[in-house]
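Colleague: Here's a structure for you.
The values are calculated or read from the model by the stated rules, or taken from the named source; none is laboratory data. Note that the structure is predicted; figures quoted are calculated from it, not measured. Every residue, glycine among them, receives a Cβ derived from its backbone with ideal geometry; neighbour counts consider all protein chains shown. What goes into the accessible areas is simple: the full protein's heavy atoms, side chains included, and nothing from ligands, DNA or RNA. Shrake-Rupley method; radii C 1.70, N 1.55, O 1.52, S 1.80 Å.
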Amino acid sequence: MNYKIHTSDIELIRITGVSDDDIKHCVKVAEKALEIARRAGANIDGELVGRGALFHDLGKAKTHEIEHGRIGAEMGRQLGLPKEITDIMEKHIRGGLTEAEAEDLRLPVKDYSLNTLEEKIVIYADRLVDIIMDGIADIGGDELQAEKRFEEILRTYPQYGKNEQTLNRYLNYHNEIQILMAHAKGNSGR
């Protein structure tokens, strides 16, 4: 997997009106997602991971509210982004909502569940980057501490876990991806 973030994509995000702080976040999420994808060693679409992560918060050009995923996906479709990328943009809210959760949040009622490993990696990277960049959880500058202490941090700081349903989704992604990374690391040492 050799995908690299394109400056033309960053510029596209900038011209839509996304703030410099949000762009910095998106670039960091893309870098973290690509790092995780490489460490997972599975058959992963690097371009989908990188671009999905980079564009995931495009809707923040219009709002920072819960509907920024839906709005971003609409903007992405207007820009001609592939459906797989706009799906990540739309589904990333709280790690993939059920129909009932979408209805409670007053979003279009449908299933926003994450179905692909690429989607899960982007959402996992987004949560990790929030932990790392917010500086709330003392990880001592060691980004791997965010992974090692992921469950503890999400349970201790409600803004990361949101609610029990969301927390469990994030923990399931964390466990699934950590197993893949451990397996890949074990295979590389043979």
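Colleague: So, in the range 86-112, how many residues would count as being open to solvent by 40 Å² or more (accessible area, probe 1.4 Å) and among the small types (Gly, Ala, Ser)? Spell out how you get there, then give the answer.
Modeller: Going through the range 86-112, the residues open to solvent by 40 Å² or more (accessible area, probe 1.4 Å) turn out to be 94, 98-100, 103-106, 108-111.
Of the ones still in play, those that are also among the small types (Gly, Ala, Ser) are 100.
Residues in the range 86-112 being open to solvent by 40 Å² or more (accessible area, probe 1.4 Å) and among the small types (Gly, Ala, Ser): 1 in total.
Colleague: State all residues of the range 25-73 that are assigned to a loop (DSSP other than H, G, I, E, B) and open to solvent by less than 10 Å² (accessible area, probe 1.4 Å); if no residue qualifies, say none.
Modeller: Listed by number, the residues that qualify are His56, Asp57.
Colleague: Additional query: Please work out which residue is least open to solvent (accessible area, probe 1.4 Å), limiting yourself to the range 75-85 and to residues that are more than 14 Å from Leu48 (Cα to Cα) and assigned to a helix (DSSP H, G or I).
Modeller: My answer is Met75.
Colleague: Filter the range 101-125 down to the residues that are outside any helix (DSSP H, G or I) and among the charged types (D, E, K, R) and list them by number.
Modeller: Matches in the range 101-125: Arg106, Lys110, Asp111.
Colleague: For the range 150-179: of the residues being of a type in the set (A, V, I, L, M) and under 15 Å from Ala40 (Cβ atoms), which is nearest to the chain's Cα centre (by Cα)?
Modeller: It comes out as Ile177.
Colleague: Pick from Tyr157, Tyr112: which is in contact with a helix residue (DSSP H, G or I) (Cβ under 6 Å, 6 or more places away or on another chain) and either over 19 Å from Lys32 (Cα atoms) or aromatic (Phe, Trp, Tyr) (or both)?
Modeller: After applying the criteria, what remains is Tyr112.
Colleague: Tell me which residues, restricted to the range 115-136, are among the small types (Gly, Ala, Ser) and either touching a Lys or Arg at 6+ places or on another chain (Cβ under 6 Å) or closer than 21 Å to Arg39 by Cβ (or both).
Modeller: Result: Ala125, single match.
Colleague: Residue check: is Leu180 touching a residue at least 40 places away in the same chain (Cβ under 8 Å) and assigned to a helix (DSSP H, G or I)?
Modeller: yes
Colleague: A further question on this structure: If you go through the range 11-24 one residue at a time, do you hit one that is among the small types (Gly, Ala, Ser) and surrounded by fewer than 16 Cβ atoms within 10 Å (Cβ to Cβ)?
Modeller: yes
Colleague: Could you count how many residues in the range 127-155 are open to solvent by less than 80 Å² (accessible area, probe 1.4 Å) and either aromatic (Phe, Trp, Tyr) or more than 19 Å from Lys28 (Cβ to Cβ) (or both)?
Modeller: Going through the range 127-155 one residue at a time, the tally reaches 1.
Colleague: Let me ask something additional. Which of the residues belonging to the range 4-24 are of a type in the set (S, T, N, Q) and in a helix (DSSP H, G or I)?
Modeller: Hits for the range 4-24 are Thr7, Ser8.
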